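The block underneath contains the structure these notes are about, expressed in structure tokens.
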Amino acid sequence: MVENLSPLQSYGHDCEKNLPVVPQIQVTRNCNLACGYCFQEHSGGIIGLSTVETILRRVIAHNLTVDPLTKVIQIYWHGGEPLLAGIDFFRAIIRLEAQYPELSFENRIQTNGTLMSADMARLLAEYQFQVGFSLDGPKEIHDRYRCFRGSRAGSFDAALRGIECYRSCAKVDRVAIIAVVTRAGIHRAFDLFEFFKELRAVVQLDIYDVRWLDLGPAAGEVSGLSDLAPLPQEVGRFLIELFDLWFWDQDRQVDFSELRQEVKMALQPEINLGDPFHKKRCDFRRLIFAPDGLVFSCDQWVNDATTALGDIHQDSLATILANKGVLWEKIKQSIRRSGKHMACGGCEWGRQCGGGCFTCMKYNAMLLRARSEGLPDNRWADALLPPAWDEVRGETYFCEGLRAFRRHVREAVRQELANAG
């Protein structure tokens with residue numbers, strides 16, 4: 001299951017080497033789907049077990065150096081589609097982890113579900129892997145962009161079979177879901193709520209914000225108009241409707257992690273996530289390990305090896321973490337233009353919200369623009385963006401909608417407290 005780790009209050013360069021590492025291991029960059037909104041290039045094979053062993057050995061040694069009392073190692077297994085590696089790969093992972101009997105491993109895996117088998121489900125359940133599935137909603141919404149590579153057939157039926165296979169074999173009632181929300185679903189909050197309620201899901205929403213170019217006045221000249229990225233006011237209306245359905249629901253058969261966090265923010269206005277000019281949806285401890293051993297600060301960047309922080313076969317994790325601090329400062333200067341348009345400091349929710357991910361959003365738009373111009377991925381910085389980019393204020397262009405939504409949440413919480421009193 002994918003989740004946002006608790007953000008640090010600051011990322012001073014003198015402390016990186018003293019941080020534990022939470023590895024996200026890209027089992028493969030390949031995938032059996034070709035989702036219309038995916039930014040990654042899908043190619044290559046499965047990560048070698050010797051590379052996995054090196055990652056585990058270095059992460060464990062580093063974390064024990066940082067904290068000799070460490071008892072638990074968290075690992076995220078991602079792709080591409082990690083189940084392409086097959087059941088024998090994960091049996092081998094379990095054997096590698098068994099070489100450290102003094103430690104417990106919290107394994108979390110994110111899958112599209114289409115390759116889930118009964119044997120795989122039982123193995124993951126037996127060794128207590130936390131499994132998250134990618135499912136965008138009812139069939140007509142999900143199949144809009146989540147299609148099989150080659151045939152372009154929708155993947156909903158196969159994904160749902162995989163989820164139910166896992167639920168049955170693992171004997172679990174609730175399933176963890178990541179749902180990407182595009183304009184195909186932004187006006188269907190009720191349908192999404194009812195669908196995930198029937199599925200008995202714990203849902204993490206991912207409101208699509210990569211192709212900002214689709215919202216620009218000259219979008220048709222750049223990449224073709226699409227309905228991928230919703231407008232700020234659409235996001236606000238969607239979240240308000242979904243919140244009301246969830247907050248006042250008596251059955252409690254579905255949960256939305258972001259909505260629960262919003263209630264917490266309303267109840268605890270003193271929450272402070274720190275400097276909003278940093279990427280708050282990323283924990284500095286998270287490192288992305290590509291199949292070839294290159295290490296990245298974020299899985300958005302794995303297309304371009306020149307953004308790598310180092311190579312796990314050659315570099316210490318202390319060095320890699322130090323490089324991450326330097327890279328982030330460089331990114332803020334080159335992409336955010338020193339944050340001159342960041343408006344979080346003047347927003348009443350700025351210190352609580354932590355913003356979106358303006359850096360990766362803009363990087364991906366530049367990457368897609370570069371590809372449309374026939375440039376290789378490592379030439380993304382040469383892509384020209386429309387002047388409207390300079391008008392974006394805050395950590396995400398959804399800020400207007402999010403502020404309306406949060407005012408609504410605050411009033412709903414006040415009303416519920418008054419009713420309870």
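The values are calculated or read from the model by the stated rules, or taken from the named source; none is laboratory data. All values reported here derive from a predicted model rather than from experimental measurement. Here the Cβ positions follow ideal geometry from the backbone for every residue, glycine too, while neighbour counts run over all protein chains shown. Ligands, DNA and RNA are stripped out before the accessible areas are found, and what is left, the full protein with its side chains, is counted by its heavy atoms. Shrake-Rupley method; radii C 1.70, N 1.55, O 1.52, S 1.80 Å.
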| request: Under 6 Å between Cβ atoms, at least 6 apart or on separate chains: pull out the pairs that start in the stretch 235-253 with a residue that is within 20 Å of THR182 (Cα to Cα) and end on any residue that is hydrophobic (A, V, I, L, M, F, W, C) and assigned to a loop (DSSP other than H, G, I, E, B). | output: VAL235/PHE398; PHE238/ILE186
| How about the stretch 115-136: which of its residues are outside any helix (DSSP H, G or I), touching a strand residue (DSSP E or B) at 6+ places or on another chain (Cβ under 7 Å) and open to solvent by less than 60 Å² (accessible area, probe 1.4 Å)? | PHE129, VAL131, GLY132, PHE133, SER134, LEU135, ASP136
| For the stretch 137-177, what are the residues that are assigned to a strand (DSSP E or B) and surrounded by fewer than 19 Cβ atoms within 10 Å (Cβ to Cβ)? | CYS147, PHE148, GLY154
| query | Taking the stretch 260-271 as the region of interest, how many residues are of a type outside the set (Val, Ile, Thr) and in contact (Cβ under 8 Å) with a residue 60 or more places away in the chain? | reply | 5
| What residue, among those in the stretch 246-259 that are at pLDDT below 95 and part of a helix (DSSP H, G or I), is nearest to ARG174 (Cα to Cα)? | SER257
| query | So which residues in the stretch 313-329 are modelled with pLDDT of 75 or more, open to solvent by 20 Å² or more (accessible area, probe 1.4 Å) and either farther than 30 Å from VAL59 by Cβ or in a helix (DSSP H, G or I) (or both), if there are any at all? | reply | ALA318, THR319, ALA322, ASN323, VAL326, LEU327
| query | ASP191: open to solvent by 30 Å² or more (accessible area, probe 1.4 Å), touching a helix residue (DSSP H, G or I) at 6+ places or on another chain (Cβ under 8 Å) and outside any helix (DSSP H, G or I), yes or no? | reply | no
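Could you tell me which of the residues ALA201, ALA176, ALA153, ALA184 is more than 19 Å from the chain's Cα centre (by Cα) and modelled with pLDDT of 95 or more? Give the derivation first.
Values: ALA201 fails: more than 19 Å from the chain's Cα centre (by Cα); ALA176 fails: more than 19 Å from the chain's Cα centre (by Cα); ALA184 fails: modelled with pLDDT of 95 or more.
Among ALA201, ALA176, ALA153, ALA184, only ALA153 is more than 19 Å from the chain's Cα centre (by Cα) and modelled with pLDDT of 95 or more.
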| Hits in the stretch 62-85 (condition: exposed (fewer than 15 other Cβ atoms within 10 Å of the Cβ) and touching a residue at least 12 places away in the same chain (Cβ under 8 Å)) | ASP67, LYS71, VAL72
| Restricting the stretch 268-312 to residues that are in a loop (DSSP other than H, G, I, E, B) and at pLDDT 90 or above, which is nearest to LEU417 (Cα to Cα)? | GLN268
